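As structure tokens, the structure follows; a few thoughts come after it.
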2 protein chains.
Amino acid sequence: MAPTETWVPNVEPGSDFSIANIPFGIVTTPDDANPHAATAIGGHVLDLKVLSSQPDFESIFPSLADQRHVFAAPSLNAFAALGRRVHREVRAAIQDLLSIDTKHPDFLKANGSTREKALIPLTKVKMHLPLEIGDYTDFYAGYHHAFGVGSMWRGPANALQPNYLHLPVGYHGRASSIFVSGSPIIRPRGQIIADPTAADPKKPIVAPSRRLDIELELGCFVARGNNPGTSIDVNKAEEDHIFGYVLVNDWSARDIQNWEYVPLGPFNGKNFATTISPWVVTPDALEKFKCTGVEVQDRPELQEYLKEANKDNVFDIECQVDLTTPEGDTSTISRVSSKNLIWSFSQMLAHHTLGGCSMRTGDLIASGTISGTKSSEYGSLLEMNQGGKKEVLLCGMDARKFLKDGDTITLRASAGEPGQKVGFGECSGRVFSSATR
Amino acid sequence: MAPTETWVPNVEPGSDFSIANIPFGIVTTPDDANPHAATAIGGHVLDLKVLSSQPDFESIFPSLADQRHVFAAPSLNAFAALGRRVHREVRAAIQDLLSIDTKHPDFLKANGSTREKALIPLTKVKMHLPLEIGDYTDFYAGYHHAFGVGSMWRGPANALQPNYLHLPVGYHGRASSIFVSGSPIIRPRGQIIADPTAADPKKPIVAPSRRLDIELELGCFVARGNNPGTSIDVNKAEEDHIFGYVLVNDWSARDIQNWEYVPLGPFNGKNFATTISPWVVTPDALEKFKCTGVEVQDRPELQEYLKEANKDNVFDIECQVDLTTPEGDTSTISRVSSKNLIWSFSQMLAHHTLGGCSMRTGDLIASGTISGTKSSEYGSLLEMNQGGKKEVLLCGMDARKFLKDGDTITLRASAGEPGQKVGFGECSGRVFSSATR
């Protein structure tokens, strides 16, 4: 059984980073300005590069024999590429080192010098993108979001496109504008139709987006890829290809998107920024939160390549969206479970590679906006404001249809009991005026 | 004036690689299995890594002082990032070295030992992807293609979407499946509607694509990027940001694409393969082939950020599509000028970055399918076969609607007089059965 209690001081019961978690991230620290690997435990990071420089490292981490350099690298790609067996063994070894009953007290727990170098308060480190991202793909697997947004445009009877229940609809996103939590979000300028109800001809203007929105999503990093021309087996996708999960805020400029997206899909309405949380949470840490996803009456039978043996193929992780106004008032504007998906990441990977498209280590796959069925469970402002019609009420007598300059959006997500929580930390970004450019 | 005559033997008048060209590529050679930089002259490559290891290299290439390592790197990214002034000076220095009147005969022309090591028959080298590609974006700037395909679905009156003349429509493509010329193309499997005319409900099957097509495009590599949150000035785009051009075949599975693409755009119908030609042709080599692009009556006034001072913003390069059957018969199925674009690459870059999206060195931008107005000038089989209705006649009593297994498609393109031609070499790929997987 995995250890449940740690000797590390001040691990709050509410911390996302209990000993049951052990996520992986990239940090710079007061003593080391070169980005390198770490894990988080309570309010501290455990510096894995420091550990890997200890002489008996390989006896504690035998699966990293001759591979200790992966923790000194500026991204987790080399570590991710080692595959899930290694990730599992490394996570278990870290859990042991952090346990009050560690089998190797001399390595860390009772080793004052290593402990002092390796255990660093989270407040003293800077987080970086955890992986170098090759390609980024954004799916549309949040059923209630797709249904809700489709209903706005086409009514409930035609809300879903004919392909929606047959395949995980997705599009290629932009990798260059993926930022780690805390990075500023500059409001994009773009071509917009200032008054969509005006008579023809529709004349666009160039202006800062007036409909800046968020999208609450779960993302998944690829551990090992597949060769071009081959496909990923849906029942082996997680074990063989998934490194771990992050939160994703796929910032969206609805007015830019509306004008540009026919017929080739979203472009400038999305590619100015995507924010991800810095810690990669492993499939092993999330395993016990698996459950069934959205079930739809009279759903057509799935094609063979999408049929999963395990019906518990999504995660029941409680997600939360906070909006902090420029004045500093924070309102929670959504709480929703990540189980509200109609396609699993394994199905997304199987579909993505059906035609032979290759995945590479570090590729990022996002779920699409996660919304529930209730009005307190929407993952985008577009749904909360019913297509721009209604204001979302905030604390402090304030309200929003879309985001104002100075607003900060913070996504959070976690599962599990206090003291054993598995969470993602923050996925946060503050909106700056387009005049900042 | 640039030199026009070379001492290199056997440079055929019809060669794409005259002394007026001097493209850049990545090769492995019989003597060096590490990919590295080269240029092409006639039927030879000139190995730039070999040159860069000569003691007096920096006196011939002063702009590469302390930068000679860029020619030993496995991609041209570091060289591209040095910017256009350096590319211009390096190209001029190479032209001088190859000229019968070279100012530095002792370095190469009269230096038997260096010449023997550096001048290698093209047939003896293997070409590789010229750059490590971060993000790939495919535009839709081929006006006659957009109009022709739009007419098929919606009739000529509504052929173009309302946004088409206002902004360069584009979508994010897949970088992981971009291959260099000569790489095999495995026919993708995918969800398709076997009989699109069948009664509802539309039931997809999973099968190898029956409508495998090509798209003739011109591509452009980014030299230096822009910072996130900034935009590229349309009038500085080429000088400050474009490294050079390649041919692109954006292989397309029309049946997969048709079923999947609403509402988020093409996905598996495109992401199985994109082929590019191996030599990056510089803007300087193509400068004298600039001309005006497609002009449209009553075109709405362009937004300021898209207005170019130079109206000669596209290239008049003659492109050609050859189809070789499994039996070995080759037919030229299209001849079209690359001037048939309504947006220039500078405009594409200005639009792409309008909202602050960052370009990075090595990003690839493709034009979209280039078609002319005549039936001999189509850049895709979809247009040649009028949406699958008509057969394209080939030599040898053969015909095609779409591609057969064993077919090879070869794109070629060049401009200029014999002996002074500036061309791209081949962009070629052979289709293999999906059973190859």
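Dividing the summed -39500 (n - 2.57) terms of all DSSP H runs of n ≥ 4 by the residue count of chain B sets its mean residue ellipticity at 222 nm at -4000 deg cm²/dmol.
The shape of region B:155-194 comes out oblate: with a ≥ b ≥ c from the C-alpha gyration tensor, a/c is at least 1.5 while a/b does not beat b/c.
The 3J(HN,Hα) values that the Karplus relation (6.51, -1.76, 1.60; θ = phi - 60°) gives for region B:8-25 are, in residue order, 5, x, 6, 8, 5, x, x, 5, 5, 10, 6, 5, 7, 9, 6, x, 10, x Hz. Gly and Pro appear as x. How much of the accessible area of region A:25-128, in percent, comes from carbon and sulfur atoms when a 1.4 Å probe is used? Carbon plus sulfur share of accessible area: 52 percent. Other protein chain C-beta atoms within 10 Å of residue C-beta, averaged over B:177-190: 3. Protein heavy-atom accessible surface, 1.4 Å probe, per residue over region A:86-160: 45 Å². Charge dipole of the protein assembly as shown (Cα centre as origin; +1 on each Lys and Arg Cβ, -1 on each Asp and Glu Cβ, all else neutral): 920 debye, rounded to the nearest 20. Any idea which of B:Q297, B:T330, B:S231 is furthest toward the positive side of the dipole for region B:136-436, if Lys and Arg beta-carbons carry +1 and Asp and Glu beta-carbons -1? Working it through, the farthest residue towards the positive pole turns out to be B:T330. Buried accessible surface for the B/A pair, both sides summed and rounded to the nearest 100, is 5300 Å² with a 1.4 Å probe. On the basis of the beta-carbon distance and an R0 of 35 Å, B:E89 and B:E295 show a calculated FRET efficiency of 0.45.
Shown for B:Q320: label points 7 Å from Cα along the beta-carbon vector, and their distances to the equivalent points in the other copies, 6.8 nm in ascending order. Put a plus charge on the Cβ of each Lys and Arg, a minus charge on the Cβ of each Asp and Glu, and nothing anywhere else: the dipole of region B:25-128 about its Cα centre is then about 320 debye. For region B:16-57, the residues whose amide N sits under 17 Å from a probe point set 7 Å from the Cα of B:K103 along the beta carbon direction are B:56-57. Between copies, the label points of B:K103, set 7 Å from Cα on the Cα→Cβ line, lie 7.1 nm apart, reported in increasing order to one decimal in nanometres. Residues whose amide H comes within less than 5 Å of that of B:I333, counting only those at least five positions distant or on another chain, are B:V321, B:D322, B:L323 (H built at 1.01 Å from N in the peptide plane).
Pairs exceeding 26 Å between alpha-carbon atoms, taken from B:K49/B:K270; B:K236/B:K339; A:K49/A:K290; A:K49/A:K124; B:K49/B:K103; A:K339/B:K270: B:K49/B:K270; A:K49/A:K290; A:K339/B:K270. Residue by residue, region A:74-86 carries 3J(HN,Hα) couplings of x, 9, 8, 4, 5, 5, 4, 5, 6, x, 5, 4, 5 Hz when phi is fed to the Karplus relation 6.51 cos²θ - 1.76 cosθ + 1.60 (θ = phi - 60°); x denotes Gly or Pro. Angle between the Cα long axis of helix B:143-154 and the longest principal axis of chain B, 0 to 90 degrees, nearest 10? Helix B:143-154 sits at roughly 20 degrees to that axis.
Classified by the C-alpha gyration tensor, chain A has a prolate form. Its axis ratio a/c, with a ≥ b ≥ c, is 1.5 or above, and a/b is larger than b/c. Label positions at B:K202 and A:E12, each projected 7 Å from the Cα along the C-beta direction, are separated by 5.1 nm. For region A:239-354, the relative contact order is 21 percent, taking Cα pairs closer than 8 Å that sit 6 or more residues apart in sequence and dividing their mean separation by the residue count.
Measuring between their Cα centroids, region B:65-123 and region B:8-60 lie 7 Å from each other.
Cross-link partners of B:K389 among lysines, defined as those whose alpha carbon lies under 20 angstrom from its own and excluding same-chain residues fewer than eight positions apart: B:K374, B:K401, B:K404. Calculate, for B:Q420 and B:N111, the FRET efficiency according to 1/(1 + (r/R0)^6) with r their C-beta to C-beta distance and R0 30 Å; round to the nearest 0.05. Calculated transfer efficiency: 0.70.
Pairs of Cα atoms nearer than 8 Å and 6+ residues apart set the relative contact order; for chain A it is 22 percent.
First check a/c for region A:1-114, with a ≥ b ≥ c the square roots of the eigenvalues of its C-alpha gyration tensor; if it is under 1.5, answer rounded, and if not, answer prolate when a/b is larger than b/c or oblate otherwise. Verdict is rounded for region A:1-114. Backbone amide hydrogens, once placed in the peptide plane, bring B:Y140 within less than 5 Å of B:V169, excluding anything fewer than 5 places away on its chain.
The contact residues of region B:312-355, meaning those that lose at least 20 Å² of 1.4 Å-probe accessible area when all protein chains sit together rather than their chain alone, are B:H351, B:H352, B:L354, B:G355. Rounded to the nearest Hz, the phi-derived 3J(HN,Hα) couplings of region B:300-311 under the Karplus curve 6.51 cos²θ - 1.76 cosθ + 1.60 (θ = phi - 60°) are x, 4, 6, 5, 3, 5, 10, 7, 9, 5, 8, 6, where x marks glycine and proline. In nanometres and ascending order, the distances from the A:A65 label point to those of the other copies are 5.2 (point 7 Å from Cα along Cα→Cβ). Axis between A and B by rotation; chain A residue with nearest Cβ and distance in whole Å recorded as A:G265, 1.
Per residue of peptide B:253-264, the mean number of Cβ atoms on other chains within 10 Å of the residue Cβ is 5. Under a 5 Å amide H cut-off, with hydrogens placed 1.01 Å from N, A:G43 pairs with A:E12 among residues at least 5 apart or on other chains. For the peptide B:298-310, the mean number of other protein chain Cβ atoms found within 10 angstrom of a residue's Cβ is 1. Comparing mean-square fluctuations of B:W279, B:W153, B:W343 from a GNM of chain B with C-alpha springs under 10 Å, the top value falls on B:W153.
The values are calculated or read from the model by the stated rules, or taken from the named source; none is laboratory data. Here the structure is a predicted model, which means the values were calculated and not measured. With ideal geometry, Cβ positions are generated from the backbone for all residues, glycine too; neighbour counts draw on all protein chains shown. Note: areas computed on protein heavy atoms with side chains; ligands, DNA, RNA excluded. Shrake-Rupley method; radii C 1.70, N 1.55, O 1.52, S 1.80 Å.
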